[in-house]
Each structure stands twice: as C-alpha cells, then as structure tokens.
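The values are calculated or read from the model by the stated rules, or taken from the named source; none is laboratory data. Every value quoted in this text rests on a predicted model; they were computed, and no experiment measured them. Cβ placement follows ideal geometry from the backbone for every residue including glycine, while neighbour counts extend to all protein chains displayed. Only protein heavy atoms, including side chains, enter the accessible area calculation; ligands, DNA and RNA are left aside. Shrake-Rupley method; radii C 1.70, N 1.55, O 1.52, S 1.80 Å.
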Amino acid sequence: MSETTSKGPLSPDLLAKMDAYWRAANYLSVGQIYLKDNPLLERPLTLDDVKPRLLGHWGTTPGLNFLYVHWNRVIRERNLDMIYIIGPGHGGPGLVANTYLEGSYTEIYPHIEQNRDGIKRLFRQFSWPYGIPSHVAPETPGSIHEGGELGYSLVHAFGAAFDNPNLIVACVVGDGEAETGALATSWHSNKFLDPRRDGAVLPILHLNGYKIAGPTVLARIPAEELDSLLRGYGYAPIVVEGDDPMPMHQRMAAALDRAIAEIAAIQRAARESGVTERPRWPMIVLRSPKGWTGPKVVDGKPVDLSKTLAYKGMMYSNVPNLASAFGYTNASWTLKCDLISGYVCRLLNYMDRNGYATCTPRMNERSVKTEPAMDFSSGYIQRALDTLPRQGSRFPWRLNQNYVRDLKLIRYGRLNDGAMEFRAAPSHRSHSMPG
C-alpha cells in the first residue's frame with residue numbers, strides 16, 4: 001500500500017473516501033426506512049414525506065455498512081474471491097443501499113436509476129406494498145441467505161466454503177442471533193473445514209449490545225469470558241471496539257489485513273507443506289454502538305436516555321417527539337404495544353388538530369423519587385441498568401406492569417395531562433386544549 005497514517009494502514013485519502021462511502025450507504029439506508037418523498041432533503045421535511053408504517057432495523061445497519069466498505073477495500077487490493085453473508089435479521093436496507101451505490105441494483109432493476117427519481121423509488125419501495133421486504137430477501141442482488149431467518153448464517157457460510165478452495169466467506173453474526181440454538185451449534189462447523197481443499201470462513205461477531213427489546217448475553221459477559229468461549233470453539237478472536245468513526249476505520253482495516261494474512265498462512269501450510277493439524281481460524285469481534293452514528297443531539301441538546309425518566313412506558317423526559325414500544329414482562333407483549341400504538345395515533349391527531357409541532361414530557365415534580373426501570377435480578381439486566389431510562393415513584397413516570405390499569409390511563413387518559421408540553425409550529429399560535 002502507498003502512504004499510511006501512523007495510526008493504521010489506511011492513507012488519509014483512502015480513509016476519507018471509505019468514510020464518505022460509509023456515510024452515503026448509511027443515508028441511503030435510513031432513507032429507505034423512513035422516507036417516501038423528498039429523498040435528497042431539498043426542502044424541509046414534513047409528515048407527508050415520512051412513511052406511515054416503519055419497518056427495518058437502523059440499529060444493526062451502520063455496522064453492516066461499515067463492514068461492507070471494508071470488504072470492498074481488501075477485495076480490490078488483493079483481488080479476492082469473497083462473499084458477504086449477514087445474519088442480523090432486518091439488515092436489508094444496508095445491503096440494498098450498498099448494491100445501489102455500486103451500481104449492481106440499477107443493473108438488475110433499471111427503473112431504479114442512479115438519480116433523484118431513482119433514489120425516491122428506492123426509498124419508497126422498501127417495506128412497502130408491492131415493493132421489497134425489509135430483510136435481505138431473494139430480490140437483493142447476490143442474495144443466498146434469507147436475512148429474516150435468524151440462526152443459519154454460519155451454516156450457510158461454511159456450506160459455501162466447502163469444496164471451494166479460493167473462496168473467503170465473510171459472515172456477520174448478530175449478538176441476538178448468536179443466542180439461537182442453531183447459531184450456537186454452528187460455531188463448531190470449523191472442525192469440518194479442510195484448509196487443503198476448502199475455502200475459508202471469517203466470522204464477525206457484531207456486538208452492539210441489544211436484540212429487539214433487550215440486552216444480549218455475549219455483549220454483557222466479561223471480555224475475558226467471551227475470549228475464552230470463542231477460543232474454546234477453535235477460533236483466534238481479533239477485537240475491534242469503539243465508536244469514533246475514523247479510528248474505527250483504521251482498527252478494522254488492520255484487523256482485516258491480519259485476518260486475511262492468517263487465513264493465507266493456514267492454507268499455505270496445509271497446501272504446500274502438508275500440515276494436517278487442525279488450525280485455529282481467525283475471527284473478528286466488532287463492538288460498536290446500536291444505531292451507530294445516529295444523532296446524539298436533539299434540538300441542540302444532548303440525548304442520554306440513561307438520564308431520562310420513562311413517561312407512560314413509551315416516551316422519555318425532555319426528549320421531544322420520540323416514542324418506543326416495549327411489552328409487558330408478565331403478559332402478552334401485543335397488549336402493551338397495542339395501547340402504545342393507539343396512544344401515539346391519538347397524540348399525532350391531537351397535535352395535527354391544534355397545530356403543534358412537538359410534544360415533550362417534562363418532569364418538574366421534585367417530590368417524584370426515581371429508581372431503576374426494572375427490578376429483575378437477572379445478571380444481563382443488572383449489567384444494563386446504567387444505560388436504561390429510569391422510572392418514577394408514581395404515574396405517568398411509573399411503569400405499570402398491569403394491563404387493566406394501563407388501559408384506563410393510556411387509552412382513555414388525557415393527552416394534555418400537565419406533564420406533556422406541546423409547542424406550536426412556527427405558523428401557528430401556541431394554545432392549550434383538553435386532550
């Protein structure tokens with residue numbers, strides 16, 4: 001390679017280009033999830049630009065895009081025969097974004113042009129009637145693995161590598177997927193890989209800390225314990241950890257260079273020197289934040305959910321226009337999610353009728369005591385408590401694990417309850433009405 005920086009193998013020019021490509025892929029990904037119009041943000045966003053129903057995981061997507069651009073680098077520099085299999089379920093927007101960026105998507109689907117209209121069609125079709133699914137489905141160029149079926153990524157990766165001596169299969173395993181029985185067993189597939197006649201599998205365990213609605217085991221156990229586990233499976237882990245993009249690019253580039261070199265050495269020893277001892281194959285552990293690169297500041301203020309109080313079990317103190325759905329711990333999840341969905345619809349209709357642009361829960365009562373959001377003794381919950389919102393000693397800041405009580409307070413309770421602050425859009429006069 002030509003000029004390198006003192007902190008990694010990437011030259012300043014290459015580093016800037018790879019980061020720009022990654023950011024472009026991230027934008028195309030989040031646009032698919034959220035937008036149906038105004039794809040280049042050439043005018044202020046309105047509700048009419050946003051899809052009414054959102055499906056697709058932003059949380060895992062930045063990490064998948066990050067890896068994609070790094071695979072491209074080693075493929076081009078070494079002329080590698082490599083494929084990329086992703087296990088995380090709804091990582092579809094990332095793979096669609098990358099195939100669009102490189103041109104193969106338009107080659108297969110000419111109506112998705114590489115221009116403003118094409119980007120609009122790309123965004124609109126994602127997880128949309130008569131469009132494409134939210135996961136890596138057969139419609140995605142080059143797809144051999146159905147991303148929505150958690151647990152089978154490593155099996156497919158090893159299956160592709162058997163009897164294919166020049167192939168390297170880069171396989172990303174999500175930390176939620178890693179908890180499935182199928183995946184937990186698949187780590188042992190390396191015992192059947194013969195470096196003389198088979199290709200190689202390079203697993204990447206992507207630890208971003210959470211699955212759907214809770215913390216993950218492998219992201220919470222001590223690093224030494226995880227290292228021992230993976231070495232017990234027969235791998236040599238290489239850890240890439242952080243959240244600052246530029247240093248992370250250099251760390252990942254160095255990790256891939258090392259992993260590719262170790263794979264080549266293993267194969268050379270078996271094929272040229274006749275070594276028959278079972279090798280310890282390299283793998284990468286990527287620790288990056290869930291929703292990496294997402295905004296940390298809203299309306300000029302930093303957002304740290306661990307410093308907030310949960311409002312009615314769905315919104316967060318001092319955070320405007322943000323709601324999330326988490327189910328009950330002692331009853332059907334769909335009951336709570338149904339209540340939250342109905343409440344958010346009522347809230348949006350109320351804001352629309354009265355010309356409000358933002359709604360923000362405000363906790364101004366000093367008499368309300370705070371405590372952890374959950375009182376579970378499970379280790380994985382206890383280790384995550386410092387990252388979760390807290391709860392208050394009484395409603396609306398108290399989390400009720402009681403459907404009947406929530407039915408009364410959430411479905412039939414007032415919207416303008418004294419804790420919710422409404423602010424008008426610039427073209428409307430601020431006023432308050434009963435909810």
For residues that are among the basic types (K, R) and within 30 Å of C337 (Cβ to Cβ), scanning just the stretch 192-249, find the one that is least open to solvent (accessible area, probe 1.4 Å). R220
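Given the criterion crowded, with 18+ Cβ neighbours inside 10 Å and under 29 Å from N208 (Cα atoms), identify the matching residue among T140, T106.
T140
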Within the stretch 316-343, take every residue that is modelled with pLDDT of 85 or more and over 16 Å from A419 (Cβ atoms) and give me the one that is nearest to the chain's Cα centre (by Cα). I340
From the option list A200, A182, A178, A213, single residue qualifying as modelled with pLDDT of 95 or more and of a type outside the set (S, T, N, Q) is A200
Test each condition in (1) open to solvent by 50 Å² or more (accessible area, probe 1.4 Å); (2) part of a loop (DSSP other than H, G, I, E, B); (3) at negative phi for D163 and report the one that comes out false. (3)
Confirm whether P165 is over 27 Å from the mean Cα position of the chain (by Cα) and either of a type in the set (S, T, N, Q) or at pLDDT 95 or above (or both). yes
Surrounded by 15 or more Cβ atoms within 10 Å (Cβ to Cβ) and over 19 Å from Y68 (Cα atoms): does that describe T180? yes
So, in the stretch 70-91, of the ones that are under 23 Å from the mean Cα position of the chain (by Cα) and assigned to a loop (DSSP other than H, G, I, E, B), which residue ends up farthest from Y27 (Cα to Cα)? G87
Filter result (outside any loop (DSSP other than H, G, I, E, B), surrounded by fewer than 21 Cβ atoms within 10 Å (Cβ to Cβ) and of a type outside the set (D, E, K, R)) within the stretch 36-69: L47, V50
In the stretch 144-195, what residues are among the small types (G, A, S) and in contact with a Ser or Thr (Cβ under 7 Å, 6 or more places away or on another chain)? G151, G174, G176
Every residue in the stretch 268-309 that is open to solvent by less than 90 Å² (accessible area, probe 1.4 Å), modelled with pLDDT of 90 or more and touching a strand residue (DSSP E or B) at 6+ places or on another chain (Cβ under 7 Å), please. W281, P282, M283, I284, V285, L286, R287
Given (1) within 26 Å of Y210 (Cα to Cα); (2) open to solvent by 80 Å² or more (accessible area, probe 1.4 Å); (3) at pLDDT 85 or above; (4) among the polar types (S, T, N, Q), N349 misses just (1)
In the stretch 33-45, is there at least one residue being touching a strand residue (DSSP E or B) at 6+ places or on another chain (Cβ under 6 Å) and of a type in the set (V, I, T)? no
